[in-house]
Amino acid sequence: MEIRQPYPPGSPRDRGPGYERRDANIAGLLQFAFWMAVVLLVTLVGMKFTFDHFKKVQPLGATTSPMISEAERTLPPAPRLQVQPHVELEEFCAAQEQAVNGYSWIDQQAGIVHIPIDRAMDLILQQGLPSRPASEAPGGKLPAVAAPPIIAGGMDIQGPCGYLSEHPVIAAPMGKNE
């Protein structure tokens, strides 16, 4: 059976017979397979020795069973990752909310009570702050009052919990040279 070519031999469109004219090099393929097996064997033996060395240098101890209770498990040293950061943030915010807006005893025998900030500010406005004469101040000078920081944009949001609302920052007069 004769193979017909659509184009005359030697023309630029002639792509040949359309099949491989020579056989695959079996000796080359076998040599490649042999050396690939040698590389894999050397790698596996090297990994075995490496892992045995690490097992001697850093023993992991007994494996933990999933049946061990939480109380028996040891925690890694700090700092640890947060398992549930959103839950922990909610707990933190609730504790902060209680600290800002709640009542509690600090020292019951001495009569020291923790009161909400709003109530404390109302009491300060009603009763005023205790004062001392300027002569009792250290060095006979009045203490310097620091100006509040000025935030770009004019608004300052305090706290990750949102219990402190936005409030405008009032720009305090700066020194004479500024």
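The values are calculated or read from the model by the stated rules, or taken from the named source; none is laboratory data. All values reported here derive from a predicted model rather than from experimental measurement. A quick note on method: Cβ atoms are made from the backbone with ideal geometry, for glycine too, and the neighbour counts reach across all protein chains shown.
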inquiry  = Please go through segment 52-70 and give me each residue that is surrounded by 10 or more Cβ atoms within 10 Å (Cβ to Cβ) and modelled with pLDDT of 80 or more, ordered by number.
reply    = D52, H53, F54, K55
Hits in segment 78-124 - residues which are in a strand (DSSP E or B) and polar (S, T, N, Q) = S104
inquiry  = out of contact with any His (no Cβ under 9 Å at 6 or more places or on another chain), closer than 30 Å to C161 by Cβ, among the basic types (K, R) and modelled with pLDDT under 95: which single residue out of R73, R80 fits that description?
reply    = R80
